[in-house]
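The next block holds one structure in the form of structure tokens; read it before the comments.
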Amino acid sequence: MTDTVTVRVPAKVNVQLAVGGLRPDGFHGLANVFLAVGLHDEVTASPADVLRIGATGPDAHQVPLDDTNLAARAARALAAHHGLDAPAVHLGLRKDIPVAGGMAGGSADAAGALVACDALWGTRTPRGELLALCAELGSDVPFSLLGGAALGRGRGELLTPLAVGGTFHWVFAVADGGLSTPEVYRECDRLREASGTGATVAAVPEPEPSPALLDALRDGDAAALAASLAGPDGASSNDLQPAALSLRPALADTLKAGTSAGALAGLVSGSGPTCAFLTESAESAASVAESLLASGTCRTARPTTAPAPGATLLS
Ligand code: C5P
């Protein structure tokens, strides 16, 4: 049996988040085009007398260290799946993904904890079973395991891997403080009701992926992808963007600062408040990041590339 296992897990951006109507189970049907990006958390699992969790990194104070932590729930779920007693493991989370930032940091930690505990305990869970456990933990967790790019249907958990024909350069503008994902979905429903369209499954058309966006990903064509991400008058491939902007109006300034600085396109990442900017090169990403920081419209700006691999065992 190994002593310590470390797993690296990526953040994600939703290059398309088409949100259907509110389902009776409280979730929304999605056409969710996930892209894993090169910001990572690391999850280290080591033997302990009881389940313990610790977090390090700039946002560590925002991470719950109790049973509500998704990584702790993942360890419990894996132990239960194998009929093991309560999981005796220490999970160390090295956080580099913004907390509550719309980049699936909590989901990444859950996927990382599953893979790390599976290796530590020698349980050798087949991939399909790991993916099913991920889906029980949260809508975005299966993608954190898979990485790369994928279309998520259902509530986002039913994945089809997508081909990506090149490397895309991104900048992520990290805000102070997070946004609650359920609150952003609720605001999306409220805005739909207020506009008279209604928010139910009957009222909202079935969400569909954009063929032009999938082609741009497949071709590795940044200009074409940018054209699918954002349009005139604030149009966005992310249906949660109006809700995030409604809850956090200052994000409009961040989006403007990034596009004025030369980004090809900008959008809110998932439920926000992180803003994502697609750029044409690594040099452009560095200069957009510098301008974003100087604009004072974000806490930090992180250049990186995509796609990134899913949960990866480091040791
Ligand atoms: O699945 P997850 O735990 O990440 O979802 C968190 C919350 O986000 C849900 O309780 C729900 O309010 C909202 N959500 C949704 N539709 C989805 C995914 C999440 O309404 N497809």
Check your understanding: How many residues are near the ligand (Cβ under 7 Å from one of its atoms) and among the β-branched types (Val, Ile, Thr) if we restrict to the range 14-35?
Key -> 0
Check your understanding: Wholly within the range 119-203, which helices (runs of 4 or more DSSP H) include no fewer than the required count, namely at least 1 residues that are charged (D, E, K, R) and within 14 Å of the ligand (Cβ to nearest atom)?
Key -> 127-137, 181-194
Review point. With Ala55, Ala111, Ala45 as the choices, which residue is surrounded by 24 or more Cβ atoms within 10 Å (Cβ to Cβ), at pLDDT 95 or above and either more than 30 Å from Asp189 (Cβ to Cβ) or assigned by TED's automatic domain parsing to the domain that holds Asp176 (or both)?
Key: Ala45
Point to revise | Given (1) within 16 Å of the ligand (Cβ to nearest atom); (2) surrounded by fewer than 23 Cβ atoms within 10 Å (Cβ to Cβ); (3) of a type in the set (Gly, Ala, Ser), index of the condition Ala11 fails | key: (2)
**Study point:** Pair list, Cβ < 6 Å and 6+ apart or interchain, from the range 139-154 residues that are hydrophobic (A, V, I, L, M, F, W, C) to residues that are in a helix (DSSP H, G or I) and within 8 Å of the ligand (Cβ to nearest atom)
**Key:** Val141/Ser107
Point to revise | Check on Gly272, touching a helix residue (DSSP H, G or I) at 6+ places or on another chain (Cβ under 7 Å), under 21 Å from Pro182 (Cβ atoms) and surrounded by 20 or more Cβ atoms within 10 Å (Cβ to Cβ) | key: yes
Review point. If we keep just the residues of the range 80-95 that are part of a loop (DSSP other than H, G, I, E, B) and in contact with a Pro (Cβ under 8 Å, 6 or more places away or on another chain), which is farthest from Lys12 (Cα to Cα)?
Key: Ala88
Practice item. Please verify whether the range 78-92 includes one or more residues that are within 16 Å of the ligand (Cβ to nearest atom) and either in contact (Cβ under 8 Å) with a residue 12 or more places away in the chain or surrounded by 15 or more Cβ atoms within 10 Å (Cβ to Cβ) (or both). Key: no
Exercise for review: Please state which of the following conditions Gly57 fails to meet, knowing it meets all the rest: (1) under 25 Å from Val174 (Cβ atoms); (2) within 16 Å of the ligand (Cβ to nearest atom); (3) not polar (S, T, N, Q).
Suggested key: (2)
Point to revise | Single condition Asp66 does not satisfy, out of (1) touching a residue at least 24 places away in the same chain (Cβ under 8 Å); (2) surrounded by fewer than 19 Cβ atoms within 10 Å (Cβ to Cβ); (3) more than 16 Å from the ligand (Cβ to nearest atom) | key: (1)
Check your understanding: From the list Thr160, Thr200, which residue is surrounded by 14 or more Cβ atoms within 10 Å (Cβ to Cβ) and hydroxyl-bearing (Ser, Thr, Tyr)?
Key -> Thr200
Practice item. Look at Asp3 and say whether it is charged (D, E, K, R), over 15 Å from the mean Cα position of the chain (by Cα), surrounded by fewer than 22 Cβ atoms within 10 Å (Cβ to Cβ) and within 20 Å of Pro182 (Cα to Cα). Key: no
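The values are calculated or read from the model by the stated rules, or taken from the named source; none is laboratory data. Owing to the predicted nature of the structure, the values given are computational and were not obtained by experimental measurement. Positions of Cβ are generated from backbone atoms using ideal geometry, with glycine treated the same way; all protein chains shown enter the neighbour counts.
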